[in-house]
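First the structure, in the form of structure tokens, and then the observations on it.
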Amino acid sequence: MSENNEETTTIGARLKAARTAKGLTIDDLQQITKIQKRYLIAIEDEQFDKLPGDFYVRAFVKQYAETVDLDGNALLEEYRDQLPSVHTETIVENVDEVQPTRVASREQPASPASRVRNYLPTIIVTAIVVLILLFIWFMAVRTHAGSSSSTSADSSSVQVSSSKKQSSSSKASSSAKSSSKAFSAKEQTIKANGSSDTAYTLTNGADKNKVVIKSTKAAWTSVTTNGTQTWQGTLKADGSHTLTLPSNATTVKFQFGNATATTVTINGKAFNFNPKNSTSQVRTITLTIK
């Protein structure tokens, strides 16, 4: 008889019973999981349409279950018919076990044209020095065969050539410095689109932008690139996860389950996605890469 009752118990009732057995109130559970109280009540009442989206249902249910000492993965499998299905979702227990995608881990070799540009100033200076040495050798040969007047003329030619060498070297050096300053002036910027605090634009980023996500408390995060999910997982307190966006990334969507406890850096620079100090824990941020 008890087996039949257990089989017919709904997921909401199962979670509520486990919470009650641990002596926890909804407020206690909110403090522990950082999931808003109204979402916890909706889960117990099985009103999943009140959650931010299907993606959050399974993530929040798993976090609720593990907090009340239930096996989150087993519970999701047991009640999969009662929960909204998310085809791309994978609940991550240990962020360190997540493997980077092949696209992110593949290093892009430098192009031949780029390597030639790097060595161009050295090639030019070397060619000038070789030409001057050849000229000096040629003039020395003529000196032995010519008169003293021709030696004097040759000497003047060598001095003029030396001056040209110095001038050419100075111009090449100035050109290299100017090119270096122009490159360094292009600094990475992340600016909000108008007055929006959910839409931003990244300019002068890297070919493959490196993103580091950190949290001071338990927090769930999802990263979607060009419409395809790149990574999602639940970070533990003081946890972090690093990922590299593909070179063709134009749009990146960040979804935060505990935004106030989460920070993001891109290429080593902080991404202030909450400039207005919103207290909302669940937030969705869109970043356009140019």
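Quick notes on this one:
- Residue match in segment 105-117 (condition: over 30 Å from ASN277 (Cα atoms), at pLDDT 85 or above and out of contact with any His (no Cβ under 8 Å at 6 or more places or on another chain)): no
- Strands (runs of 3 or more DSSP E) wholly inside segment 180-290 that include at least 1 residues being open to solvent by 60 Å² or more (accessible area, probe 1.4 Å) and of a type in the set (Lys, Arg): 189-192, 210-215, 251-256
- Segment 22-39, residues that are touching a Lys or Arg at 6+ places or on another chain (Cβ under 9 Å) and within 12 Å of LYS217 (Cα to Cα): LYS34
Every residue, every condition in (1) touching a Cys at 6+ places or on another chain (Cβ under 8 Å); (2) of a type in the set (Ser, Thr, Tyr); (3) modelled with pLDDT under 60, yes or no:
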site: ALA127; (1), (2), (3): no, no, no
site: ILE132; (1), (2), (3): no, no, no
site: ALA153; (1), (2), (3): no, no, yes
site: SER161; (1), (2), (3): no, yes, yes
site: LYS181; (1), (2), (3): no, no, yes
site: THR198; (1), (2), (3): no, yes, no
site: VAL223; (1), (2), (3): no, no, no
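- You will find that of GLN31, GLN63, the residue that is open to solvent by 30 Å² or more (accessible area, probe 1.4 Å) and within 17 Å of GLN255 (Cα to Cα) is GLN63 and no other.
- Residues (assigned to a helix (DSSP H, G or I), of a type outside the set (Gly, Ala, Ser) and buried (at least 17 other Cβ atoms within 10 Å of the Cβ)) located in segment 34-54: TYR39, LEU40, ILE43, GLU44, PHE48
The values are calculated or read from the model by the stated rules, or taken from the named source; none is laboratory data. No experiment lies behind these values; they were computed from the predicted model shown. Cβ sites come from the backbone with ideal geometry, for glycine too, and all protein chains shown count toward neighbours. The protein model used for the area step is the full one, side chains on, heavy atoms only, and it has no ligands, DNA or RNA in it. Shrake-Rupley method; radii C 1.70, N 1.55, O 1.52, S 1.80 Å.
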